[in-house]
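The structure is given below, and queries will be raised subsequently.
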Amino acid sequence: QVQLVESGGGLVQAWGSLRLSCAASGGTFTGYAMGWFRQAPGKEREFVAAITRSGSNTYSADSVKGRFTISRDNTKNTVYLQMNSLKPEDTAVYYCAATRGGLGTTPQAYNNWGQGTQVTVSS
């Protein structure tokens, strides 16, 4: 089982940028497709972006397309989420997730999760 640790969250003003990182350990990183999800207070966990094992293909939610970019560095066992043009509605806890299956857009598709990192966007 791979262990995941997110970092890079914080407080940022609207239209600012943040880059989240998720470091993986304890497994073969290239054996996992990776995803980012987020959960705001009182809301369900929602899909943000996902990337294939090689990094050659990505998929993003419509709400973040053109603003967020997922990438991975398989030499560093790390997946990233570059977030630009942040909006107050992006405020949430962001989670990194891993799956041995194909790219998924639902939490049920992933069985390894990090502890989450808080992102707060002020207006």
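Multiplying the sequence separation of Gln3 and Thr28 by 0.36 nm and subtracting their Cα-Cα distance, what value in nm do you get?
Values: separation 25, 0.36 × 25 = 9.00 nm, distance 1.06 nm.
Here the answer is 7.9 nm.
Can you send over the carbon and sulfur percentage of the accessible area for the stretch 41-123, probe radius 1.4 Å, protein chains only?
Taking all protein chains in place, the stretch 41-123 shows 45 percent carbon and sulfur surface.
What order, most packed first, do the peptides 60-66, 20-26 have when packing is the mean number of other Cβ atoms within 10 Å of each residue?
Going from most to least packed, we get 20-26, 60-66.
While we're here: Taking θ as phi - 60°, what are the ³J(HN,Hα) couplings along the stretch 81-88 by the Karplus curve (6.51, -1.76, 1.60), each to the nearest whole Hz, with x for Gly and Pro?
9, 8, 10, 10, 6, 5, 10, x
Continuing with the same structure: For the stretch 69-123, would you read off the P(r) tail past 18 Å as a percentage of all alpha carbon pairs? Walk me through the intermediate numbers first.
Numbers: 650 of 1485 pairs.
Looking at the stretch 69-123, the distances longer than 18 Å represent 44 percent of pairs.
Could you provide, to the nearest whole Å², the per residue accessible area of the chain with probe 1.4 Å?
49 Å²
Continuing with the same structure: I need the Kirkwood Rh of the chain: take the reciprocal of the average 1/r across all distinct C-alpha pairs and report it in angstrom.
Averaging 1/r across every pair of different Cα atoms and inverting gives 14.1 Å.
Would you mind calculating the gained length between Asn57 and Thr120 on full extension (0.36 nm times residue separation, minus the Cα-Cα distance), in nm to one decimal?
Additional length available on full extension: 19.9 nm.
Using the beta-carbon distance between Asn74 and Gln108 and R0 = 35 Å, what value does 1/(1 + (r/R0)^6) give for FRET efficiency, to the nearest 0.05?
So the FRET efficiency works out to roughly 0.90.
Ranked highest first by average number of other Cβ atoms within 10 Å, how do 8-16, 112-120 line up?
112-120, 8-16
Another question about this same structure. For a quick protection proxy, order the peptides 99-111, 72-84 by their average other-Cβ count within 10 Å, most packed first.
Highest-to-lowest ranking by the protection proxy: 72-84, 99-111.
The values are calculated or read from the model by the stated rules, or taken from the named source; none is laboratory data. Keep in mind the model is a prediction, meaning the values are calculated, not measured. All Cβ positions, even for glycine, are placed from backbone atoms using ideal geometry, and neighbour counts span all protein chains on display. Accessible surface areas use protein heavy atoms only, side chains included; no ligands, DNA or RNA. Shrake-Rupley method; radii C 1.70, N 1.55, O 1.52, S 1.80 Å.
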